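Since the structure comes first, as structure tokens, the remarks are kept for the end.
Read the figures in this text as sums done on the coordinates, not as results from a lab. Worth saying up front: this structure is predicted, and the values here are computed from it rather than measured. A quick note on method: Cβ atoms are made from the backbone with ideal geometry, for glycine too, and the neighbour counts reach across all protein chains shown.
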Amino acid sequence: MEIKTLEYMNSKAWFRSLKVIYFLSLISTILLILLFPILISAERPTKKFDLEKSYVLCNDGRKLNPILENIIIDDNGENVADRDKNKAGLICNDYDSRSKVEQIPYTDKFIAPPNSFKFVPAYKIEPSWSKFIFTYTIVILVILIIFEIIKRLFYYIVIGKFKPD
């Protein structure tokens, strides 16, 4: 019986064909993972509205936290909701000061002057790019390890050693 070495196996056409198939399947698996991030991550990093870091900037320079002041922001996070624009204006103009605000006749309600504040939205990236790249790296390393195990098992079956000479 002839001793099978890697050099001997490389002289066989079927073995070289199998190596080409192995290499192409490895490359195609990695490319598939890189081209379809949905397979390894539930969501690509996207810009999302961050209410906690957003604020209402009054004309006098004060910053109001919409959460603490109970100011409602519209659904897209671009501005103060229409129903709370007057409230934000009154808070910015300190509605106890009668000179800056106007009282609605025959009521106890006040109207804030127009353009008395500006909403400054803040955004965050979720999930972070570092987490996304870390996940990619781990998945590719796992794929490489699996393919290496397959290769070593094949060598053991054909040559009789996990690491051929």
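Cβ under 11 Å from Ser54's Cβ, Ser54 left aside: what net charge do those residues give with Lys, Arg +1 and Asp, Glu -1?
Surrounding charge for Ser54 is 0.
How far apart, in nm, are the 7 Å Cα→Cβ label points at Glu52 and Ile140?
Taking the simple label geometry, Glu52 and Ile140 are separated by 3.2 nm.
Can you give the net charge of the other residues whose Cβ lies under 10 Å from the Cβ of Tyr123, counting K and R as +1 and D and E as -1?
+2
In a shell of Cβ-Cβ distance under 15 Å around Ile145, excluding Ile145 itself, what net charge do Lys and Arg (+1) and Asp and Glu (-1) give?
+1
Quick check: residue separation of Asn115 and Ser17 times 0.36 nm, minus the Cα distance between them. What number comes out in nm? Write down the numbers at each step before the final one.
Numbers: separation 98, 0.36 × 98 = 35.28 nm, distance 7.37 nm.
Once the chain is fully extended between Asn115 and Ser17, it gains 27.9 nm.
For Ile111, which sequence-distant residues (separation of 5 or more, or a different chain) have an amide H within less than 5 Å of its own amide H, given hydrogens modelled in the peptide plane?
Glu102, Gln103, Ile104
Please list, in order, the residues from segment 125-165 whose amide nitrogen is less than 19 Å from a point placed 7 Å along the Cα→Cβ vector of Leu6.
The answer is 144-165, whose backbone nitrogens lie closer than 19 Å to the label point.
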